[in-house]
Amino acid sequence: MNITLRVWRQANAASQGRMVTYQVQDVSEDMSFLEMLDLLNEDLTVKGEEPVAFDHDCREGICGMCGVVINGTAHGRGNSPVATTTCQLHMRSFSDGAVIDVEPWRAGSFPVIKDLVVNRSAFDRIIQAGGFVSVSTGAAPEAHANAVSKLKADRAFDAATCIGCGACVAACPNHSGMLFAAAKITHLAMLPQGQPERPLRIKKMVAAHDEEGFGGCTNIGECAAVCPKEIPLDVIGQLNRDLLASLFKRDGK
């Protein structure tokens, strides 16, 4: 396969970025999208040019580091209807001779570090605000000490699959991070360990979300449509219900 890539190049957040066109030849349809970028960078290195900076780690669809916008879609899909991470998107999803635009996440809360790499530490600060449980350390409790219904356990697991990639923010016209925050809040809200701090957690995490400059949710649904882990949109509804209930709790308790 021969591919025409139009890649966003930007030296840093303060510089002016632009799209640069590259030709990538001899691309195997079995390559992942990141392996195709590796092939491009090998060619650029041989030519003495600076390689394209992009984020990656596990390359197994687990870590959430690899997010970029491909042809206007977060993580991209090519000809595949299945939600996936960029590292698990394979070149067989594109046609020979395809022209592919590759850009970083577009959101004020995710400033560009270089080229396709953005700073997503805003998500870390939302978690630090309340996305945890405070428990006493010591001997492990009996596994069945706190019964959890299958319905709640499944709900918690579905929400916990969020990998914090930021695709929801990149896809949302308001650049809202509510799907991410709601997934983390719903995960803990379904479990017994999350109950003592539940009202205070929701207040702190929503406040942190707003302080980071993310937009408000208007239920457009673009976030859920591109989520590689298919987090359901209704977790935002649960966030709103929990937030409303927390307003009637004294000191958030």
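The values are calculated or read from the model by the stated rules, or taken from the named source; none is laboratory data. The model shown is predicted, which means the values in this text are computed figures rather than measured ones. Positions of Cβ are generated from backbone atoms using ideal geometry, with glycine treated the same way; all protein chains shown enter the neighbour counts. For accessibility, only protein heavy atoms count, side chains too; no ligands or nucleic acids. Shrake-Rupley method; radii C 1.70, N 1.55, O 1.52, S 1.80 Å.
Miscellaneous remarks
- Of the beta bridges in segment 3-113, as assigned by DSSP with both residues counted there, near 75 percent are antiparallel.
- For Q25 and E230, a Förster radius of 35 Å and the Cβ-Cβ distance give a FRET efficiency of 0.50, rounded to the nearest 0.05.
- Between H144 and L200, the contour length at 0.36 nm per residue exceeds the alpha carbon distance by 17.5 nm.
- Neighbourhood net charge (12 Å Cβ-Cβ; Lys/Arg +1, Asp/Glu -1) for L34: -4
- Peptides ranked, highest mean first, by Cβ atoms within 10 Å: ranges 183-193, 132-142: 183-193, 132-142
- Heavy-atom accessible surface of the chain: percent carbon and sulfur, 1.4 Å: 51 percent
- Residue by residue, segment 232-241 carries 3J(HN,Hα) couplings of x, 5, 6, 5, 5, x, 5, 4, 5, 5 Hz when phi is fed to the Karplus relation 6.51 cos²θ - 1.76 cosθ + 1.60 (θ = phi - 60°); x denotes Gly or Pro.
- Neighbour net charge for G72 - beta-carbon separation under 9 angstrom, K R +1, D E -1: -2
- Projecting the Cα atoms of G67, F123, T137 onto the charge dipole of the chain, computed from C-beta unit charges around the Cα centre, puts T137 farthest toward the positive end.
- Separation of segment 165-242 and segment 80-131, taken as the distance between their Cα centroids, equals 18 angstrom.
- Extending 7 Å from the Cα toward the beta-carbon at both R241 and N174 defines two label points whose distance is 2.0 nm.
- Residues in segment 150-160 carry Karplus couplings, in order, of 4, 4, 6, 5, 5, 4, 4, 5, 4, 6, 5 Hz; the curve used is 6.51 cos²θ - 1.76 cosθ + 1.60 with θ = phi - 60°, and Gly or Pro positions show x.
- If R0 is taken as 25 Å, the Cβ-Cβ distance between L151 and T218 corresponds to a FRET efficiency of 0.30.
- Rounded if a/c under 1.5, otherwise prolate or oblate - segment 111-232, Cα gyration tensor axes: prolate
- Per-residue SASA entry for H144, accessible area with 1.4 Å probe, Å² rounded to 10: 150 Å²
- Accessible surface, the chain, averaged per residue in Å² (probe 1.4 Å): 51 Å²
- Label-point separation in nm, E35 to R106, each point 7 Å along Cα→Cβ: 3.1 nm
- For P(r) over Cα pairs in 10 Å bins from 0, in percent, the candidate list reads [x] 7, 28, 30, 19, 11, 4, 0; [y] 6, 20, 25, 24, 16, 8, 2, 0; [z] 8, 33, 40, 18, 1, 0; the entry that matches the value derived from this model is [x].
- Restricting the calculation to Cα atoms, segment 3-113 yields a radius of gyration followed by a Dmax of 13.5, 38 Å.
- Stretchable slack from V135 to K249, in nm (0.36 nm times residue separation minus alpha-carbon distance): 38.9 nm
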